[in-house]
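K.L.:
Just passing along the structure, written as structure tokens.
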Amino acid sequence: MKDKVCLITGVGDGTGSSVARRFARDGYRVALLARNTARLSELEKELPGARSFAFDLEDLDQLVRVCQQVMAEMGTPDVIVHNAVRATFKPFMEADPGELERNFRVNTTSLLYIARELTPAMVKRGSGAIIVTGNTAALRGVPNYGVFAPTKAAQRIFAQALARELGPKGIHVAYVVIDAAIDTPWTRVPFNADMPEEFFSKPNAIAEEVFHIAHQDRSTWSFDVELRPYGENW
């Protein structure tokens with residue numbers, strides 16, 4: 001797989017970095033997209049053939065330029081993992097209405113731009129996968145999620161539209177709902193400092209599932225995939 005390329009958005013210290021390492025372990029050259037320049041530089045040095053692109057996904061013009069740069073310098077991605085997320089957790093009467101649009105831009109509109117830039121070449125090749133990571137906000141609205149959940153619900157429905165349009169052309173699109181607190185330092189403290197291990201999902205385990213979904217046999221493609229720790233009450 002030395003010539004295969006995986007583009008990942010939202011390469012943070014949890015799922016994004018673990019996904020990058022998992023694909024790199026199988027020889028993928030990884031395009032790393034996120035805001036944190038220092039973290040991306042460290043991963044770029046760690047992963048052979050990786051390239052980092054530090055910018056804010058809200059800047060859609062820059063996103064288009066980065067996609068074009070990835071195509072020119074690394075080649076057509078074989079796998080796209082859209083893991084970037086922007087969230088606001090406030091009562092709807094207290095939240096700035098502009099937060100809804102900003103969340104939508106990162107969570108959903110950016111996926112549209114990525115698909116428009118990269119999937120034509122994937123379709124021409126006749127193969128590829130797009131994996132979108134989400135959470136239960138994509139399936140339900142609860143208090144304090146009024147300017148966040150609608151963007152994740154739209155993200156899932158857009159991914160489904162992509163799956164139905166691109167699937168017959170050889171591109172596998174899947175949506176992964178992660179119903180859990182992901183085990184990172186910032187989710188441990190101070191929010192969940194006293195929670196037991198079974199409360200958390202491990203980033204490396206999530207990455208393993210994302211890798212598996214991206215390589216499913218064409219006769220058994222998934223779309224809706226739900227992941228949760230065994231102790232989760234659902």
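K.L.:
Would you point out which residue out of Pro150, Pro196, Pro229, Pro203 is in contact with a Gly (Cβ under 6 Å, 6 or more places away or on another chain) and touching a residue at least 12 places away in the same chain (Cβ under 8 Å)?
P.N.:
Going through Pro150, Pro196, Pro229, Pro203 in turn, just one is in contact with a Gly (Cβ under 6 Å, 6 or more places away or on another chain) and touching a residue at least 12 places away in the same chain (Cβ under 8 Å): Pro203.
K.L.:
Among (1) in contact (Cβ under 8 Å) with a residue 24 or more places away in the chain; (2) more than 22 Å from Gln62 (Cβ to Cβ), where does Glu94 come up short?
P.N.:
(1)
K.L.:
Just wondering, is there one or more residues in region 88-95 that are of a type outside the set (Phe, Trp, Tyr) and under 18 Å from Gly10 (Cα atoms)?
P.N.:
The answer is yes; a qualifying residue exists.
K.L.:
Residue under question is Ala153, and the condition is that it be of a type outside the set (Asp, Glu) and more than 21 Å from Val5 (Cα to Cα); does it hold?
P.N.:
yes
K.L.:
Based on this model, can you work out whether Lys90 counts as modelled with pLDDT of 95 or more, under 30 Å from Asn144 (Cα atoms) and surrounded by fewer than 24 Cβ atoms within 10 Å (Cβ to Cβ)?
P.N.:
Yes, satisfied.
K.L.:
Does region 164-186 hold any residues that are under 15 Å from Thr133 (Cβ atoms), outside any loop (DSSP other than H, G, I, E, B) and more than 15 Å from the chain's Cα centre (by Cα), and which are they?
P.N.:
Ala181
K.L.:
Can you work out which of the residues in region 148-191 that are within 22 Å of Glu208 (Cα to Cα) and of a type in the set (Ser, Thr, Tyr) is surrounded by the most Cβ atoms within 10 Å (Cβ to Cβ)?
P.N.:
Tyr175
K.L.:
Of everything in region 11-58 that's part of a loop (DSSP other than H, G, I, E, B) and of a type in the set (A, V, I, L, M, F, W, C), which residue is surrounded by the fewest Cβ atoms within 10 Å (Cβ to Cβ)?
P.N.:
Phe55
The values are calculated or read from the model by the stated rules, or taken from the named source; none is laboratory data. Quick caveat, the model's predicted, so the values are computed rather than measured. For neighbour counting, all protein chains shown are included, and Cβ atoms are generated from backbone atoms with ideal geometry for every residue, glycine included.
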